[in-house]
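Read the figures in this text as sums done on the coordinates, not as results from a lab. Every value quoted in this text rests on a predicted model; they were computed, and no experiment measured them. Ideal geometry is used to build each Cβ from the backbone, glycine not excepted, and the neighbour counts take in all protein chains shown.
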Amino acid sequence: MSAGVKLTEFSKSAGCAAKIGPGILAEVVGRLPAVMDENLLVGVETADDAAVYRVSDEVALIQTVDFFPPMVDDPFTFGQIAAANALSDVYAMGGEPRIALNVVAFPNCLGAEVLGEMLAGGASKVKEAGAVLAGGHSINDEEPKYGLCVTGFVHPDRIWKNGGAQAGDVLLLTKPLGVGLVNTAVKAGMASEEAKRCAVESMSCLNKLAMEGLREVEVHSCTDVTGFGLAGHALETARASGVSLVIESGRLEVLPDALFYASMGLVPEGTYRNKAYNKKDVWLEDKVEEALEDLVFDPQTSGGLLVSLRREDAEAVLVKLEKAGYPLKAGIVGFVTDMQEKFLMIR
């Protein structure tokens, strides 16, 4: 990249790819007019990961868009992470990405070299996904932002939604947590090299292999864990399914040093927004320390898939991922029960 340029210095976000607060978003979405179209199979009703529209009896179109400011300084790496994050929405619906369009906001002062590296990073992940990069749109902005509009396809009878979790299911999470905490420590100049390396590896890893491993079993619900954190996305699943989810905090896979950074108070702003909106619907056992609480509300960038399925299927998927050389730590992190006093319980 251009000498002396640090992308994160141009970013106004607090150490992570923060979304609009969930409270504001829910209020605005609730004001939108209802859409009546029998071919719209998934819309805004359950805050799912993407829209799905039936094209024929055999094909449904998945449509999503996602972009954000940089959380790393290297433009190529930032491009990879932003693209992986956008592509993830299609994988979370059980689909295959096919076409991607760049969405770019960029300050002219950073120059063509930085922009070119950023777009090249995104293109590398689109290629890895087996999709086609077919253009895009850009504007001049004082804060760089990048992402993709992605179109994918899935059979109408094999769509994964965030609703559908069943009592007796287990919860499978395909990536470790703590990206927001590590990125906040990076911005403070306090992150270890191992923590930085592992966070980048996790953020830039496509959910493609995880989706392919899950495609051979019966998935009851699926969502990807991003800006609203594990707690926020688990609550969306619980509400959409009419059940309660139990997260076993001792079984969570965590990025190196992330809990240490939380204990030091290196917590992103998005964590506090997530808590302010969602904590009322969460029961936390007394033994859950504050650092672990921060972890489950930690906003993730390009996080893993949170999947509800039978235990035997989850165990088979974990074996399959290990044999396939899946580079990250995936594991069973909880289970589903009939509706309790709270939608989400963390113990």
>> Return the Rg/Rh ratio of segment 170-346 with Cα-based radii and a Kirkwood Rh.
In response: 0.95
> Among Arg310, Arg273, Arg31, which one moves the most in a GNM of the chain with springs linking Cα atoms closer than 10 Å?
Replying inline: Arg31
>> Whole-Hz ³J(HN,Hα) for each residue in segment 116-126, computed from phi via Karplus 6.51 cos²θ - 1.76 cosθ + 1.60 with θ = phi - 60°, x for glycine and proline: what do you get?
In response: x, 5, 4, 5, 5, x, x, 4, 5, 6, 4
> If you place +1 on the Cβ of every Lys and Arg, -1 on the Cβ of every Asp and Glu, and leave all else neutral, what size is the dipole of the chain about its Cα centre, to the nearest 20 Debye?
Replying inline: 160 debye
> Could the peptides 128-140, 258-270, 149-161, 292-304 be put in order, highest first, of the mean number of other beta-carbon atoms found within 10 Å of their residues?
Replying inline: 292-304, 258-270, 149-161, 128-140
> How large, in Å, is segment 249-347 by the Kirkwood hydrodynamic radius built from its alpha-carbon pairs?
Replying inline: 15.3 Å
>> Quick check for me: using +1 on Lys/Arg Cβ and -1 on Asp/Glu Cβ, what's the dipole size of segment 170-346 about its Cα centre, in debye to the nearest 20?
In response: 340 debye
>> When a/c reaches 1.5 or more, the comparison of a/b and b/c decides; with that in mind, is segment 264-313 rounded, prolate or oblate per its Cα gyration tensor?
In response: prolate
>> Using a Förster radius of 30 Å, what is the FRET efficiency between Ala167 and Glu289 based on their Cβ-Cβ separation? Nearest 0.05, please.
In response: 0.60
>> Tell me whether segment 304-346 comes out rounded, prolate or oblate; compute the Cα gyration tensor, take square roots of the eigenvalues as a ≥ b ≥ c, and use a/c under 1.5 as the rounded threshold.
In response: prolate
> What list do you get for Val59, Val104, Val225, Val217 if you sort them by fewest beta carbons within 10 Å?
Replying inline: Val59, Val217, Val104, Val225
>> Using a Cα-Cα cut-off of under 27 Å, which lysines could be cross-linked to Lys320, ignoring same-chain neighbours fewer than 8 residues away?
In response: Lys125, Lys127, Lys161, Lys175, Lys208, Lys329
>> From the alpha carbon gyration tensor of the chain, can you work out the equivalent ellipsoid semi-axes (sqrt of 5 times each eigenvalue) and give them in Å, largest to smallest?
In response: 29, 25, 19
> So what is the calculated 222 nm ellipticity per residue for the chain, using -39500 (n - 2.57) for each DSSP H run with n of 4 or more, over all residues, to the nearest 500 deg cm²/dmol?
Replying inline: -11000 deg cm²/dmol
> Going by average Cβ neighbours within 10 Å, how do the peptides 321-333, 196-208 rank, with the highest at the top?
Replying inline: 196-208, 321-333
> For the residues Lys187, Lys127, Lys175, Lys320, what sequence is obtained by ranking on other C-beta atoms within 10 Å, fewest first?
Replying inline: Lys127, Lys320, Lys187, Lys175
> Nearest 0.05, what FRET efficiency do Asp141 and Met339 give at R0 = 41 Å with Cβ-Cβ as r?
Replying inline: 0.40
